[in-house]
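Working notes, structure below.
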Amino acid sequence: MKNLFIIIFLLNSVGVAVAGDKQLESYISSFDYAARKEMKIDSKGLIKLLKEGKAQLIDIRFKEEYASWRVGPSINIPLNELPKRLNELDTNKVIVTACPHKDRATIAMVYLRSKGIKAKYLTDGLIGMAENLRGDNAKEFIKAIK
């Protein structure tokens, strides 16, 4: 619950009109303990969903960050571009937002959920994802998603 209050504060501080957004109000009003668990996924769970074709990984870092290193298969949609690029999301899949430390990924997940999109954030971040895709795991993963 503490994270939710932080997210609301961050959204307000970047100029998002929280009070006027009925969908965000609805999401927050219906937030409960089950929703807290539902909004998270770790890299092992994400890898499983990606192998099954049930998830889309969205790296919400800035383009410069994404250019320096990335975890495939991901699509780069920086957080500040997300509202304009919603049409690039496959809403038939679970959208998993990711960044190295969860802060921007959590904001993106709340935004997407407020729009009615099934979204989760990657709890161990892109660094955790990279760790779980080393060596034989990477070969197995690449083979599975092809």
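The values are calculated or read from the model by the stated rules, or taken from the named source; none is laboratory data. None of these values were measured; they are calculated from a predicted model. Note that each Cβ is placed from the backbone with ideal geometry, even for glycine, and that neighbours are counted across all protein chains shown.
Going through segment 117-134 one residue at a time, which ones are out of contact with any Ser or Thr (no Cβ under 7 Å at 6 or more places or on another chain), assigned to a loop (DSSP other than H, G, I, E, B) and at pLDDT 90 or above? Quick ask: steps written out before the conclusion?
From segment 117-134, those out of contact with any Ser or Thr (no Cβ under 7 Å at 6 or more places or on another chain) are 118, 120, 123, 125-127, 130-131, 133-134; that's our starting set.
If we keep only those that are assigned to a loop (DSSP other than H, G, I, E, B) too, we end up with 118, 123, 133-134.
Matches in segment 117-134: Lys118, Thr123.
Tell me yes or no: at least one residue of segment 26-41 is over 15 Å from Leu122 (Cβ atoms), surrounded by 15 or more Cβ atoms within 10 Å (Cβ to Cβ) and not aromatic (Phe, Trp, Tyr). Give the steps one after another, and end with the answer.
Of all residues in segment 26-41, those over 15 Å from Leu122 (Cβ atoms) come to 26-36.
The next check asks that each one be surrounded by 15 or more Cβ atoms within 10 Å (Cβ to Cβ); those that pass are 27-28, 31.
Right, trim to not aromatic (Phe, Trp, Tyr) and you get 28.
Within segment 26-41 (the criterion being over 15 Å from Leu122 (Cβ atoms), surrounded by 15 or more Cβ atoms within 10 Å (Cβ to Cβ) and not aromatic (Phe, Trp, Tyr)), the answer is yes, since at least one residue qualifies.
Filter segment 91-101 down to residues that are surrounded by 14 or more Cβ atoms within 10 Å (Cβ to Cβ) and over 21 Å from Arg134 (Cα atoms), then give me how many there are.
Keep residues of segment 91-101 that are surrounded by 14 or more Cβ atoms within 10 Å (Cβ to Cβ), which gives 91, 93-100.
Adding the requirement that they be over 21 Å from Arg134 (Cα atoms) leaves 91, 93-95.
Total satisfying the criteria: 4.
Going by what's in this entry, would Leu86 be described as at pLDDT 95 or above, surrounded by fewer than 16 Cβ atoms within 10 Å (Cβ to Cβ), within 24 Å of Leu24 (Cα to Cα) and more than 10 Å from the chain's Cα centre (by Cα)?
Numbers: at pLDDT 95 or above: yes; surrounded by fewer than 16 Cβ atoms within 10 Å (Cβ to Cβ): yes; within 24 Å of Leu24 (Cα to Cα): yes; more than 10 Å from the chain's Cα centre (by Cα): yes.
Yes; evaluated as a whole, the condition is true for this residue.
His101 versus (1) without any contact (Cβ under 8 Å) to a residue 40 or more places away in the chain; (2) in a helix (DSSP H, G or I); (3) under 19 Å from Ile47 (Cα atoms): which is the lone unmet condition?
The number of the failed condition is (2).
Could you go through segment 17-25 and let me know if any residue there is within 19 Å of Thr123 (Cα to Cα) and at pLDDT 80 or above. Steps first, answer last, please.
Start the filter on segment 17-25 by keeping residues that are within 19 Å of Thr123 (Cα to Cα), which leaves none.
No: segment 17-25 contains no residue that is within 19 Å of Thr123 (Cα to Cα) and at pLDDT 80 or above.
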